[in-house]
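Heads up, the thing below is written out as structure tokens.
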Amino acid sequence: MKTIKDLEIDGKTIFIRCDFNVPKDEDGNITDDRRIRGVLPTIRYCLDRDCKVVLASHYERPEPGVYEEKYSLKTVVTRLKTLLKIASNITLANNVVGEDTKAKAAALEAGEVLVLENLRYEAGETKNDETFAKELASMVDVYINDAFGACHRAHASIDAMARLFDADHRAAGFLLAKEVNFFHKTLEKPMRPFVAVVGGSKVSGKLEALRQLLDKVDKIIIGGGMAFTFLKAQGYEIGNSLVEEDLIHEARTVMAKARKKGVKFYLPVDVVVTPEFSEHGVAKYLPSQEIPEGWMGLDIGPASSRLFRQVIHDAQTIIWNGPMGVYEWDKFSKGSLKMSHDIADTHATTIVGGGDTADVAQKAGDVDEMTFVSTGGGASLNLIEGKSLPGIEALKS
Ligand code: AMP
């Protein structure tokens, strides 16, 4: 895969597909701008070479054709201006590929940046529509993909558009290249012991990743809602905790494979339980075998945290994907925050993947202590699963 450094870009008009799908709070404030900061090196590289820059991204899931303000990239552009410190040179287009936008793109001068509106305002984006891709391509000379978080989707700006450029006019940006290299290097040649910490709500979303990790890691820690399907598979009563009954057999197969391969497999030994799925209910700390009927586990308990700390203390590589509990609620966030601190405290190469997991690390104040925090949840999971990503395939095709 070529990177932007391999191309002749001086003075050209460059399209950079970014991933500006940043989290915001209920008032619309950006709560984590890592995805915007992540693409700055690629933008600066272009600006330093007198390029005209066209930036594009999706943001959440607007109804195509309906320009609702809350899905606009306006706040992203404001943040970009602050981060790049070149406010006067950045303009937000009125739309994605309309006349006015095309005119603004054509009028760009060296060192100026035009940000297109939310790509998903156009129906063609998610349909991977070639006509829409051609309209985007008509505004620029070179295509750069720096949207790792969107590379697992074959959408027009990721797939169809990249294929319209020859190998001398399309490449990965610095962020995309860094993400892919990091995951490949870690998964191919990890320093051992290599520990995977997997959490989050469901087994189903991470089953394939778990299967693949079993071939690579020395130890696996399971937490979060998905732990209960494994606990049930071991014959425990789990009350009303989250469970995927249809995957209990699969959970047994995974544990059997771990045993056969000598991969140590750890489940929570205690949990924080509550009678209802609420932020404000009573919470009790109980051993995993003693979950009362009708109660549900929403976090790992302190004994599990101590055990897991012990398990990771000698690790040289740690991949973490998925919170240990319902971390969004203070009462059930301790297990996840503690896991973040404990991972950050090790001397291992630590890789955090997934939006929620990065959010936990941020809340815990540990982001700077981690070796690498990925900007892509689904995309990083696909890399762990050994799947090829449409965005990367399109660059290589
Ligand atoms: P995922 O998208 O699969 O990584 O899951 C993340 C979500 O899992 C977060 O929103 C957590 O609130 C949720 N979660 C974690 N642990 C539990 C649990 N024990 N019960 C229900 N939801 C959970």
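The values are calculated or read from the model by the stated rules, or taken from the named source; none is laboratory data. Worth saying up front: this structure is predicted, and the values here are computed from it rather than measured. Cβ atoms come from the backbone with ideal geometry, glycine included; neighbour counts cover every protein chain shown.
The residues listed here are 49, 61, 37; of these, the one that is within 27 Å of residue 395 (Cα to Cα), free of Cβ contacts under 8 Å to residues at least 60 places away in the same chain and more than 22 Å from the chain's Cα centre (by Cα) is 49. Within the set 137, 110, 154, the sole residue that is over 18 Å from residue 18 (Cβ atoms), aliphatic (A, V, I, L, M) and in contact (Cβ under 8 Å) with a residue 60 or more places away in the chain turns out to be 110.
Would you say residue 12 is over 23 Å from residue 85 (Cβ atoms) and surrounded by fewer than 18 Cβ atoms within 10 Å (Cβ to Cβ)? Answer is no for this residue.
Yes/no per residue for (1) at negative phi; (2) of a type in the set (A, V, I, L, M, F, W, C); (3) in contact with a Lys or Arg (Cβ under 9 Å, 6 or more places away or on another chain):
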site: 173; (1), (2), (3): yes, no, yes
site: 189; (1), (2), (3): yes, no, no
site: 196; (1), (2), (3): yes, yes, yes
site: 201; (1), (2), (3): yes, no, no
site: 204; (1), (2), (3): yes, no, no
site: 222; (1), (2), (3): yes, yes, no
site: 234; (1), (2), (3): yes, no, yes
site: 265; (1), (2), (3): yes, yes, yes
site: 268; (1), (2), (3): yes, no, no
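Going by the structure shown, is residue 334 farther than 20 Å from residue 203 by Cα, basic (Lys, Arg), crowded, with 20+ Cβ neighbours inside 10 Å and in contact with a helix residue (DSSP H, G or I) (Cβ under 9 Å, 6 or more places away or on another chain)? Here the answer is no, as residue 334 does not meet what is asked. So, of the residues in region 359-374 that are touching a residue at least 40 places away in the same chain (Cβ under 8 Å) and within 20 Å of residue 213 (Cα to Cα), which turns out to be surrounded by the most Cβ atoms within 10 Å (Cβ to Cβ)? Out of the qualifying residues, it is 374. Restricting attention to region 267-295 and to residues that are among the hydroxyl-bearing types (Ser, Thr, Tyr) and in contact with a strand residue (DSSP E or B) (Cβ under 9 Å, 6 or more places away or on another chain), the residue that is nearest to residue 255 (Cα to Cα) turns out to be 288. Of the candidates 273, 180, 198, the single residue that is within 29 Å of residue 145 (Cβ to Cβ), among the β-branched types (Val, Ile, Thr) and within 16 Å of the ligand (Cβ to nearest atom) is 198. Of the candidates 57, 72, the single residue that is among the polar types (S, T, N, Q) and within 21 Å of residue 162 (Cα to Cα) is 57. Just the residues that are surrounded by fewer than 22 Cβ atoms within 10 Å (Cβ to Cβ) and either in a helix (DSSP H, G or I) or of a type in the set (D, E, K, R) (or both), please, taken from region 122-136. Listed by number, the residues that qualify are 123, 126, 127, 129, 130, 131, 134, 135. Which residues, counting only those in region 338-355, are at pLDDT below 95 and in contact with a strand residue (DSSP E or B) (Cβ under 9 Å, 6 or more places away or on another chain)? Hits for region 338-355 are 353, 354. Among the residues making up region 365-397, those that are assigned to a loop (DSSP other than H, G, I, E, B), closer than 23 Å to residue 193 by Cβ and within 16 Å of the ligand (Cβ to nearest atom) are 374, 385. Close Cβ contacts (under 6 Å, 6 or more residues apart or on different chains) running from residues in region 340-356 that are farther than 9 Å from residue 315 by Cα and in contact (Cβ under 8 Å) with a residue 24 or more places away in the chain to residues that are of a type in the set (Val, Ile, Thr) and surrounded by fewer than 19 Cβ atoms within 10 Å (Cβ to Cβ) comprise 350/371. Candidates 392, 318, 300: the one that is touching a residue at least 60 places away in the same chain (Cβ under 8 Å), in contact with a Gly (Cβ under 8 Å, 6 or more places away or on another chain) and not charged (D, E, K, R) is 300. Taking region 232-257 as the range and being touching a Leu at 6+ places or on another chain (Cβ under 8 Å), within 15 Å of the ligand (Cβ to nearest atom) and over 14 Å from residue 201 (Cα atoms) as the test, only 238 passes.
Scanning region 13-40 for residues that are within 13 Å of residue 71 (Cα to Cα) and in contact with a Gly (Cβ under 8 Å, 6 or more places away or on another chain), we see that the one that is modelled with the lowest pLDDT is 23. Of all residues in region 328-349, exactly one satisfies the criterion of being over 22 Å from the mean Cα position of the chain (by Cα) and within 9 Å of the ligand (Cβ to nearest atom), namely 332.
Residues that are within 15 Å of the ligand (Cβ to nearest atom) and touching a residue at least 40 places away in the same chain (Cβ under 8 Å) within region 278-293 comprise 279, 283, 288, 291, listed in sequence order. Within region 307-327, the set of residues being more than 14 Å from residue 225 (Cβ to Cβ), within 16 Å of the ligand (Cβ to nearest atom) and aliphatic (A, V, I, L, M) comprises 319 only.
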